[in-house]
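Shown below is the structure under consideration.
FYI, it's all coordinate maths here, none of it is from the lab. Computed from a prediction, not measured in an experiment: that's the story for all the values here. All Cβ positions, even for glycine, are placed from backbone atoms using ideal geometry, and neighbour counts span all protein chains on display.
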There are 2 protein chains.
Amino acid sequence: MSKKAKFYHAGCPVCLSAEHGIVDLIDPNKYEVEIVHLGEAKDRVAEAKGKGVQSVPALVLENGNVYHINFGAALKDLG
Amino acid sequence: MSKKAKFYHAGCPVCLSAEHGIVDLIDPNKYEVEIVHLGEAKDRVAEAKGKGVQSVPALVLENGNVYHINFGAALKDLG
């Protein structure tokens, strides 16, 4: 069964570039990736903060590992 | 045929955590990942710089996209 991963972004150019590149290379047999646009789903900013996300784009794995990928925007600026 | 990607790191704890997490999730049918330890292969620091790598760990795709993942060390500190 595939594990779950969440890719948080905010629609910025750096975010979209990372989304296309990173999500494309993830093995679909291992991970099911949920893409969360924090600019549109502001109610989920708290969820991302709770997982340790400090900036977007970021990828959070099921085991809790957080990978900040390049830098698009700080989470504190998203509300 | 799988595309090539390079994962540059320098043996630091942040690097190793990212290596295990990120390399594990890459689809082996799409990408063949070469892992380059810049602490041991100092002659390749220039290669990484030339690709736009500013810090490690970083993943560089065949299309030239560079993804800096979290922050372990600045490339300029590696020589």
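Could you please find all residues in segment B:51-79 being in contact with a Ser or Thr (Cβ under 8 Å, 6 or more places away or on another chain) and assigned to a loop (DSSP other than H, G, I, E, B)?
B:Asn65
Which of the residues that make up segment B:18-57 are free of Cβ contacts under 8 Å to residues at least 12 places away in the same chain, of a type outside the set (A, V, I, L, M) and closer than 17 Å to A:Leu59 by Cβ?
B:His20, B:Gly21, B:Asp24, B:Asp27 - these are the residues of segment B:18-57 that are free of Cβ contacts under 8 Å to residues at least 12 places away in the same chain, of a type outside the set (A, V, I, L, M) and closer than 17 Å to A:Leu59 by Cβ.
For the structure I just gave you, tell me whether B:Ala48 is of a type in the set (A, V, I, L, M, F, W, C) and in contact with a Ser or Thr (Cβ under 6 Å, 6 or more places away or on another chain).
No; evaluated as a whole, the condition is false for this residue.
Any residue at all in segment B:11-33 that is assigned to a loop (DSSP other than H, G, I, E, B) and either charged (D, E, K, R) or under 23 Å from A:Cys15 (Cα atoms) (or both)?
Yes, segment B:11-33 contains a residue that is assigned to a loop (DSSP other than H, G, I, E, B) and either charged (D, E, K, R) or under 23 Å from A:Cys15 (Cα atoms) (or both).
Out of A:Asp27, A:Asp77, I need the residue that is within 14 Å of another protein chain (Cβ to nearest Cβ), among the acidic types (Asp, Glu) and surrounded by fewer than 19 Cβ atoms within 10 Å (Cβ to Cβ). Which one? Don't jump to the end; show me each part of the working.
On the way: A:Asp77 fails: within 14 Å of another protein chain (Cβ to nearest Cβ).
Step by step, each of A:Asp27, A:Asp77 is checked, and only A:Asp27 is within 14 Å of another protein chain (Cβ to nearest Cβ), among the acidic types (Asp, Glu) and surrounded by fewer than 19 Cβ atoms within 10 Å (Cβ to Cβ).
Just to be sure, is A:Ser17 polar (S, T, N, Q), under 23 Å from B:Glu32 (Cα atoms) and within 14 Å of another protein chain (Cβ to nearest Cβ)?
Numbers: polar (S, T, N, Q): yes; under 23 Å from B:Glu32 (Cα atoms): yes; within 14 Å of another protein chain (Cβ to nearest Cβ): yes.
The answer is yes for A:Ser17.
Ok, one more. Among (1) in contact (Cβ under 8 Å) with a residue 40 or more places away in the chain; (2) assigned to a loop (DSSP other than H, G, I, E, B), there is one condition B:Ala5 misses while meeting the rest; what is its number?
Evaluating B:Ala5 over (1) in contact (Cβ under 8 Å) with a residue 40 or more places away in the chain; (2) assigned to a loop (DSSP other than H, G, I, E, B) leaves (2) as the failure.
For B:Gly64, are the conditions met, namely being surrounded by 12 or more Cβ atoms within 10 Å (Cβ to Cβ), within 13 Å of another protein chain (Cβ to nearest Cβ) and closer than 28 Å to A:Ala74 by Cα?
Here the answer is no, as B:Gly64 does not meet what is asked.
Something else about it: When you look at A:Tyr8, is it among the hydroxyl-bearing types (Ser, Thr, Tyr) and closer than 18 Å to B:Asp24 by Cβ, yes or no?
Judged against the criteria, A:Tyr8 is not a match.
State yes or no: is B:Val66 closer than 21 Å to A:Val60 by Cα, within 11 Å of the chain's Cα centre (by Cα) and free of Cβ contacts under 8 Å to residues at least 40 places away in the same chain? Write out each step before concluding.
Working: closer than 21 Å to A:Val60 by Cα: yes; within 11 Å of the chain's Cα centre (by Cα): yes; free of Cβ contacts under 8 Å to residues at least 40 places away in the same chain: yes.
Yes.
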